[in-house]
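**Student:** Input: one structure, supplied below.
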Amino acid sequence: MTALVFGGSGSGKSAYGEALAQSLADSGPLVYLATMEPAGREAEGRIARHRAQRAGKGFFTIERGRDLGACPIPEGATVLLEDLGNWAANELFASPHTSGEDAWKKMRDGLKLLMCKARNLVVISVDISRDGGTYPPETEQYLSLLAALHRDLGAWCEQVTEVVCGIPVTWKGAAV
């Protein structure tokens with residue numbers, strides 16, 4: 001099973017994704033693939049909160065910010081990828097010469113590899129394009145990259161769920 005779970009900041013998408021991954025992992029390892037790079041106090045605080053949130057839930061954590069397709073995934077694993085937005089920023093802004101197209105291709109191929117390696121893959125992502133604001137070109141490039149990845153995942157996934165104020169709204173597939 002492959003699922004996309006998205007929502008705004010503080011929506012409960014991470015807790016929902018963790019519970020979904022746990023429910024899918026009837027056998028095999030339960031892997032938390034953490035993509036946030038600890039760049040500053042706010043990021044370190046978020047990482048600490050997520051570690052505390054998943055403590056005692058059976059997850060084995062792999063911290064990797066880029067090149068997720070090359071990540072060693074144990075056979076039969078259920079993988080929770082947290083999160084697509086961080087990974088996109090890491091790939092897009094790793095080098096001033098990385099284009100949105102280059103980052104998209106690398107991430108698309110990485111997602112396909114993860115789907116092949118994992119028994120189940122749950123991808124957490126951020127909600128995009130809700131405020132209608134105008135942004136600098138770099139931010140627009142980032143949002144376009146995420147939109148393209150959401151379209152790809154929406155087509156590939158058996159389940160797509162938006163979490164709004166802690167309430168899961170399933171847009172594709174059956175709620176698990």
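The values are calculated or read from the model by the stated rules, or taken from the named source; none is laboratory data. No experiment lies behind these values; they were computed from the predicted model shown. Methodologically, a virtual Cβ is constructed for each residue, glycine included, from the backbone with ideal geometry; neighbour enumeration extends over all protein chains shown. The protein model used for the area step is the full one, side chains on, heavy atoms only, and it has no ligands, DNA or RNA in it. Shrake-Rupley method; radii C 1.70, N 1.55, O 1.52, S 1.80 Å.
**Student:** Considering only the stretch 77-91, I want to know if a residue exists there that is closer than 19 Å to Thr2 by Cα and either open to solvent by 50 Å² or more (accessible area, probe 1.4 Å) or of a type in the set (Ser, Thr, Tyr) (or both).
**Tutor:** yes
**Student:** Is it fair to say Gly69 is in contact (Cβ under 8 Å) with a residue 60 or more places away in the chain, surrounded by fewer than 20 Cβ atoms within 10 Å (Cβ to Cβ) and either part of a helix (DSSP H, G or I) or in contact with a helix residue (DSSP H, G or I) (Cβ under 9 Å, 6 or more places away or on another chain) (or both)?
**Tutor:** Taking the combined requirement at face value, the residue does not satisfy it.
**Student:** Can I ask one more? Do you know which residues across the stretch 141-158 are in contact with a Gly (Cβ under 7 Å, 6 or more places away or on another chain) and either on the phi > 0 side of the Ramachandran plot or buried (at least 20 other Cβ atoms within 10 Å of the Cβ) (or both)?
**Tutor:** Leu145, Leu146
**Student:** Has the stretch 121-140 got at least one residue that is open to solvent by less than 70 Å² (accessible area, probe 1.4 Å), in contact with a His (Cβ under 7 Å, 6 or more places away or on another chain), of a type in the set (S, T, N, Q) and within 21 Å of Met36 (Cα to Cα)?
**Tutor:** yes
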